[in-house]
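Remarks on the structure that follows.
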Amino acid sequence: MKEVKLNSEFISAINDIAKEKNIDADVLFSAVEDALVAAYKKVSGTDKARVELNKETGEMHLYAVLTVVEGEGRNASEISLKDAQEVNPDFAVGDVVEREIQNKEFGRLAALTAKQVVIQRIHEAEQDYVDKYFHERQNDVVTGAVQRKEGSNVYFDLGNVDGVLMKSEQIPGERYENRERMKLYVLDVRKTRLGPQVIVSRTHPGLMRKLLEREVPEIEDGTVIIKSVAREPGYRSKVAVYTDDKDIDPVGACVGARGGRVQGIVNELHGEKIDVIKFSENPAEYVANSLSPSKVVEAKANEEEKICRVVVPDYQLSLAIGKEGQNARLAAKLTGWKIDIKSESQAAEDNGEVVDADDKVEENSEETITEVETEANEIKE
């Protein structure tokens, strides 16, 4: 069909676009074939047609698919028995005949329709690729560049799609400078009328997990296991790690020489402090470790009530509790235990009995806080 022949430049363009957009070239060639059938339907009123396309030379042929009928054909999809037998005497009623279409007017229409269909197919293929790619990256980390701000949301360029960082997923006080590159945790992929939209987070505990996996080879290969993560995004995080290998210090492996490994994550999170602590199957030991950097003199766990009573040196009571109770609160989230913290002098006064926090706390004085009962939040895997 000479009027609708594709030149070699067009064929090369299709292959180049397929490569650039990560689309199978056959998808685009199929789009061209569909375009010819669509154009034929506009002219004839029927889509009963078949296309032959040479993907090397660009030569195309369109054949109308006709059904042999008695008498005259009533529409563009039928051919009379007489006309059919002029092609081949063996044809009978009900047989199918293919006749090549050669029409200059159709050729011009086909070229226009082909362009429209190919553009639409490229868009659909791109969206399908993006949707599949980011569904596979869900609960993983990607890198994006700050693109724009709309209201309280920040939009990131993730390549072929926008990543949306909603207000609830932003680190408090964090600034988002134009084109700044950041690590983002993929929460979800949503379909919209404009295509896939990737919902990302900077606050999810999973971001800390994934960043550690990337920085620490021992975590990536499974030698060291992250047992739990607790975050107050932008301020402080606690990570509990464990290993069965007696020759490996799990905390040291995560921190790295001179803190090099963990410092990379601190920088990525713009100064968020990270406490890496050793997990223990012994609840009292685990809770004591979780209160790092405070020293613990004594820890006793009540398994039935899931409360751990902890005694710290008098001069470290404030450190154990932390500013506005942050250290103790994170320790409770990390371990899943309620924690009753007392100084040595307070413990002596109480004769070892647990005293209700409300009886001991002086308003606006964290020095006299004696009990932190933060319900453990379930840590998202």
| query | Considering only segment 148-174, how many residues are in a strand (DSSP E or B) and under 19 Å from the mean Cα position of the chain (by Cα)? | reply | 9
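Determine whether segment 100-118 contains at least one residue that is modelled with pLDDT of 80 or more, loosely packed, with under 14 Cβ neighbours inside 10 Å and not in a loop (DSSP other than H, G, I, E, B).
Our first condition is that a residue be modelled with pLDDT of 80 or more; within segment 100-118, this holds for 100.
If we keep only those that are loosely packed, with under 14 Cβ neighbours inside 10 Å as well, we get 100.
Retained after the next criterion (residues that are not in a loop (DSSP other than H, G, I, E, B)): 100.
Looking through segment 100-118, at least one residue is modelled with pLDDT of 80 or more, loosely packed, with under 14 Cβ neighbours inside 10 Å and not in a loop (DSSP other than H, G, I, E, B).
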| message | I'd like to check something: does segment 122-136 contain any residue that is surrounded by 14 or more Cβ atoms within 10 Å (Cβ to Cβ) and either of a type in the set (Lys, Arg) or in a strand (DSSP E or B) (or both)? | response | no
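Name the single residue, out of those in segment 175-221 being in a loop (DSSP other than H, G, I, E, B) and of a type in the set (Asp, Glu), that is farthest from ARG261 (Cα to Cα). Steps first, answer last, please.
Narrowing segment 175-221 to residues in a loop (DSSP other than H, G, I, E, B): 175-180, 193-194, 202-204, 216, 221.
In the following step, the residues that additionally are of a type in the set (Asp, Glu) were identified as 177, 180, 221.
Details: GLU177: 25, GLU180: 22, ASP221: 16 Å.
In this case the residue turns out to be GLU177.
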| said: Can you pull out every residue in segment 190-239 that is under 14 Å from ASP275 (Cβ atoms) and among the aliphatic types (A, V, I, L, M)? | reply: MET208, LEU212, ILE226, VAL229, ALA230, VAL239
| Does segment 243-253 hold any residues that are of a type outside the set (A, V, I, L, M, F, W, C) and buried (at least 18 other Cβ atoms within 10 Å of the Cβ), and which are they? | THR243, PRO250
| field | Which listed residue, of ILE369, ILE341, is touching a helix residue (DSSP H, G or I) at 6+ places or on another chain (Cβ under 6 Å), closer than 25 Å to TYR235 by Cα and at pLDDT 50 or above | value | ILE341
| request: Would you kindly identify the strands (runs of 3 or more DSSP E) lying entirely within segment 23-91 that contain at least 2 residues that are touching a strand residue (DSSP E or B) at 6+ places or on another chain (Cβ under 6 Å), in the same structural domain as VAL117 (by TED's automatic domain parsing) and surrounded by fewer than 16 Cβ atoms within 10 Å (Cβ to Cβ)? | output: 49-53
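Does ARG231 fit the bill of being crowded, with 19+ Cβ neighbours inside 10 Å, at pLDDT 95 or above and charged (D, E, K, R)? Break it down stepwise before answering.
Numbers: crowded, with 19+ Cβ neighbours inside 10 Å: yes; at pLDDT 95 or above: yes; charged (D, E, K, R): yes.
Yes; evaluated as a whole, the condition is true for this residue.
The values are calculated or read from the model by the stated rules, or taken from the named source; none is laboratory data. Please read these numbers as outputs of a predicted model, since none were measured by experiment. Here the Cβ is made from the backbone with ideal geometry for all residues, glycine too, and neighbour counts use every protein chain on show.
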